[in-house]
Amino acid sequence: MSAPRAKTFEFAAGIDRGGNATTDGAATLELGRDWKPEHLVLAGLVRCSITSLRYHALRAGITVHASGTARGLVTTRESDGRYAFVDVSCSIGIALDPPLEGAELDALLAKAERDCFVGASLTVRPSYEWRTSA
């Protein structure tokens, strides 16, 4: 008996000659000149972390309202001398309905961090700050 086949997900994105982002046939996203690839990685981390939280919250019958920011430090890594993120932090403000506290909240947030694909894909593990409000 063979092992079950893992799900696969395929994504496509591009940058046109004007510097605008395109994705999977969707509308073009106009990125200003100040947007660098590093900003996109950090924005992706925030969005992925919130998406992961919403997924696990929905399974528990909880509605999530969230927004957040991420910061990253890029310099040469000691291990190989290549430029990379060496420190990444993600701060997300959340409101849960119904609210959770204690061990239940900790378990939900741990799942959100664990299952964020972008965070899991980074060489450096992001540190998270979750701020809850009513």
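At a Förster radius of 25 Å, what calculated FRET efficiency corresponds to the Cβ-Cβ distance of ALA13 and THR69, to the nearest 0.05? Using R0 = 25 Å, I get an efficiency of 0.70.
Among GLY68, VAL86, ALA3, which residue has its Cα positioned farthest towards the positive end of the charge dipole of the chain, with +1 placed on the Cβ of Lys and Arg, -1 on the Cβ of Asp and Glu, and the dipole taken about the Cα centre? So the residue furthest toward the plus end is ALA3. Beta bridges assigned by DSSP with both partners in the chain are antiparallel in approximately 70 percent of cases. Put a plus charge on the Cβ of each Lys and Arg, a minus charge on the Cβ of each Asp and Glu, and nothing anywhere else: the dipole of the stretch 1-98 about its Cα centre is then about 220 debye.
Angle of helix 102-114 to the longest C-alpha principal axis of the chain, folded into 0 to 90 degrees and rounded to 10: 30°. A Förster radius of 41 Å combined with the Cβ-Cβ distance from ASP80 to ASP115 puts the calculated FRET efficiency at roughly 0.90. Considering only beta bridges that DSSP places wholly inside the stretch 62-134, some 65 percent are antiparallel.
Here the contact order of the stretch 1-91, divided by its residue count and restricted to Cα pairs under 8 Å and six or more residues apart, works out to 16 percent. Approximating the spin labels as points 7 Å out from Cα along Cα→Cβ, the ALA107-to-ALA60 distance works out to 0.8 nm. When Kirkwood radius over Cα pairs in Å is computed from the coordinates, the matching label among (1) 15.0; (2) 16.9; (3) 16.0 is (2). Given the options LEU109, PRO98, THR123, identify the residue whose Cα lies farthest towards the positive end of the charge dipole of the stretch 76-134 (+1 on Cβ of Lys, Arg; -1 on Cβ of Asp, Glu). Of LEU109, PRO98, THR123, it is THR123. Loop sites here are chymotrypsin sites (Phe, Trp or Tyr not before Pro) outside DSSP states H, G, I, E and B with no more than 14 other Cβ atoms within 10 Å. The longest part of the chain free of them is 36-134.
Readers should treat all values here as calculations from the given coordinates under stated rules, not as data from a laboratory. Nothing here was measured: the structure is a model prediction, and the numbers come from that model. So basically every Cβ, Gly included, is an ideal-geometry build from the backbone, and we count neighbours across all protein chains shown.
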